[in-house]
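Working notes for the structure below.
Quick note: the coordinates plus some simple rules give every number you see, no bench work behind them. Note that the structure is a prediction, hence the values are computed from the model and not measured. Note: ideal-geometry Cβ built from the backbone for every residue, glycine included; neighbour counts use all protein chains shown.
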Amino acid sequence: MTSMSQIEIEYQTRIDGMSIPEKMAISATMFKWTRDMIAREILKSNPSISETRLKWEVAMRQYGHEPQARKLIQKMLDHSPD
């Protein structure tokens, strides 16, 4: 087992010092950043996509590996405007 670097120790100390609401806020910010990044990638290849379809395309990239989620998302994509 390798020892933690000073940076890792400082990171862990700061994370441990956060309240649960602070940790949740950071998680929500990171999740939004990820969704926005995926949306930008989709928009590069299809700039005229509707907002509704974009939302479901992002969802497909995030949750499409799960068969039940994929089925539900695909149903929404089938009924969304291009």
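Identify, please: which residue in the stretch 15-29 is exposed (fewer than 10 other Cβ atoms within 10 Å of the Cβ) and not hydroxyl-bearing (Ser, Thr, Tyr) and is, among those, nearest to residue 80 (Cα to Cα)?
21
Residue-by-condition table, conditions (1) among the acidic types (Asp, Glu); (2) more than 18 Å from the chain's Cα centre (by Cα):
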{"position": "8", "(1), (2)": "yes, yes"}
{"position": "19", "(1), (2)": "no, yes"}
{"position": "22", "(1), (2)": "yes, yes"}
{"position": "26", "(1), (2)": "no, no"}
{"position": "29", "(1), (2)": "no, no"}
{"position": "39", "(1), (2)": "no, no"}
{"position": "54", "(1), (2)": "no, no"}
{"position": "62", "(1), (2)": "no, no"}
{"position": "66", "(1), (2)": "yes, no"}
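Which residues, counting only those in the stretch 65-80, are surrounded by fewer than 14 Cβ atoms within 10 Å (Cβ to Cβ) and either of a type in the set (Gly, Ala, Ser) or in contact (Cβ under 8 Å) with a residue 12 or more places away in the chain (or both)?
74
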